[in-house]
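K.L.:
Got a structure for you, questions after.
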Amino acid sequence: MKITLRQMEIFLEVAQVGHLTKVAEKMGLSQSAVSMSIKELENIIGYKLFDRINKKLALNEKGRAFADAIAPLVSKLADIEEEFRSDENNGELLVGVSTTIADYLIPPIICDYMKSYPRVKVNLKIGNTREIVRLIETGAVDLGFVEGNVESTAIKQEVVGLDELVVVTGDRELAAKEDGYYIDKLLGKQWILREEGSGTREVFLTHLGDLASQVNLFLELRHPESIKNMLIQSSKCLSCLPRISVMKELDRGELFEVKIKKLKFERQFLLIYHKDKFKTSLLNKFIYFTRMQLGQILER
């Protein structure tokens, strides 16, 4: 094999940064060494990999294909190196967490974990399910916790818990009907839903099936707390939110659950990671710890 790991690392840095000088400074090399590495790599492959546009190096079509092919390999080799170089209870974990899990499930788990393993730093990246999936696909995080459906051939997923979504409103009279409503009788009312890409929204609309097009979407908000505040202030609106996110408001009588006939909005909480991810001892311990803690919380 003529291509070296160092050449691939330099190539990926140049692909990301676009300037030889900045890459040289970051990697502790001379600019000529970086330039020579790229030229040697192009000679081995037999193609130019970059175009020079506005004084910046940009990947051409061959360069993009090469980057896509080697990025998982370089990342996996870095993981293996870290595994054998570091103590298994010392290091940093990059964890992607969807909004609902970040707000209502993961904080006490992370606190307990860091008390047990004080030399491990956990860096959380928070977004909706679609955003976390994208971070996993690009290798920006080590693993993720999401809700909803994940459709990606690059990702492996494991079920770590179950959750229920409930229809809620600030309208006490609407929620007072003991035998509940068929969902189609409510879709004409004003609904506040999470943004596109949210697992909560996807589960709700998927369960509606053909009725999803009948939802009177009044407002889209990115955060469950914003939706709850709007429901409390505007009592005629409805939403579908995770039960764990509205338990306090239901107990305080600020929001009310609307019973739905013959339809349950259920979903799975998922642990996801890239299919090519090398799981170190540190990562495996973290997965085991969080899976156990999540199970205990969701069974309460």
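Readers should treat all values here as calculations from the given coordinates under stated rules, not as data from a laboratory. None of these values were measured; they are calculated from a predicted model. Using ideal geometry, Cβ is built from the backbone for each residue, glycine included, and neighbour counts are taken over all protein chains shown.
K.L.:
Could you work out the per residue convex hull volume over the alpha carbons of the stretch 162-265, in cubic angstrom?
P.N.:
Each residue corresponds to 96 Å³ of Cα convex hull volume.
K.L.:
Rank the residues 117, 288 as a footprinting-exposure proxy: fewest other Cβ atoms within 10 Å of their Cβ go first.
P.N.:
Ascending number of Cβ neighbours within 10 Å: 288, 117.
K.L.:
Rounded to two decimals, what is Rg over Rh for the stretch 1-52 when you use alpha-carbon atoms and the Kirkwood radius?
P.N.:
That ratio equals 0.93.
K.L.:
So what is the relative contact order of the chain, in percent, for Cα pairs below 8 Å that sit 6 or more residues apart?
P.N.:
Once divided by the residue count of the chain, the mean separation gives 22 percent.
K.L.:
Next question. From the gyration tensor of the Cα coordinates in the stretch 41-110, what semi-axes in whole Å does the equivalent ellipsoid have, largest first, with each one equal to sqrt(5λ)?
P.N.:
That gives 37, 20, 10 Å for the three semi-axes.
K.L.:
Measure nothing but the geometry: give the 0 to 90° angle between the long axis through the Cα atoms of 61-85 and the longest principal axis through the Cα atoms of the chain, rounded to 10°.
P.N.:
90
K.L.:
I've got another one for you. Using the count of nearby Cβ atoms within 10 Å as a rough guide to exposure, how do 237, 111 rank from fewest to most?
P.N.:
In order of increasing Cβ crowding within 10 Å: 111, 237.
K.L.:
Further question: Roughly how many whole Å is it from the C-alpha centroid of the stretch 125-186 to that of the stretch 53-74?
P.N.:
If we compute the Cα centre of each part, the gap is 35 Å.
K.L.:
Then there is this: Could you calculate the FRET efficiency of residue 235 with residue 137 from 1/(1 + (r/R0)^6), where r is the beta carbon distance between them and R0 is 30 Å, rounded to 0.05?
P.N.:
Plugging the Cβ-Cβ distance into 1/(1 + (r/R0)^6) gives 0.15.
K.L.:
Projected area of the stretch 211-250, taken from the Cα convex hull and averaged over every viewing direction, in nm²?
P.N.:
Reported value for the Cα convex hull: 3.3 nm².
K.L.:
Also, quick follow-up: With a sphere of radius 15 Å drawn around the Cβ of residue 115, what net charge do the other residues whose Cβ falls strictly inside it have (Lys, Arg +1; Asp, Glu -1)?
P.N.:
Cβ neighbours under 15 Å give a net charge of +2.
K.L.:
Just order 44-52, 133-141 by mean Cβ neighbour count inside 10 Å, highest at the front, would you?
P.N.:
The packing order, highest mean first, is 133-141, 44-52.
K.L.:
Where the only charges are on Cβ atoms (+1 Lys, Arg; -1 Asp, Glu), what is the dipole of the chain about its Cα centre, to the nearest 20 debye?
P.N.:
440
K.L.:
Which translational diffusion coefficient, to the nearest whole µm²/s, is obtained for the chain from the Stokes-Einstein equation, given a Kirkwood hydrodynamic radius over C-alpha pairs, 4 °C and 1.567 mPa s?
P.N.:
58
K.L.:
Shifting gears a bit: Can you compute the FRET efficiency between residue 262 and residue 162 using 1/(1 + (r/R0)^6), with r the Cβ-Cβ distance and R0 = 30 Å? Round to the nearest 0.05.
P.N.:
Between residue 262 and residue 162 the formula returns 0.95.
K.L.:
Considering only DSSP beta bridges whose two residues both sit in the chain, what percent are antiparallel, to the nearest 5?
P.N.:
In the chain, approximately 60 percent of DSSP beta bridges are antiparallel ones.
K.L.:
What residue among 75, 31, 7 has its Cα farthest toward the positive end of the dipole of the stretch 5-85, where the charges are +1 on Lys, Arg and -1 on Asp, Glu, each on the Cβ?
P.N.:
Farthest towards the positive end: 31.
K.L.:
Please express the shape of the stretch 5-85 as an equivalent ellipsoid: the semi-axes are the square roots of 5 times the eigenvalues of the C-alpha gyration tensor, given largest first in whole angstrom.
P.N.:
Gyration-tensor ellipsoid for the stretch 5-85: 21, 16, 11 Å.
K.L.:
Label residue 112 and residue 94 with points 7 Å out from Cα along Cα→Cβ: what is the distance between them in nm?
P.N.:
Result: 2.7 nm between the two label points.
K.L.:
Can you put 181, 273 in order, fewest other beta carbons within 10 Å first?
P.N.:
181, 273
K.L.:
Oh, and also: What does the charge dipole of the stretch 162-265 about its Cα centre add up to, to the nearest 20 debye, if the Cβ of each Lys and Arg holds +1 and the Cβ of each Asp and Glu holds -1?
P.N.:
Dipole size: approximately 160 debye.
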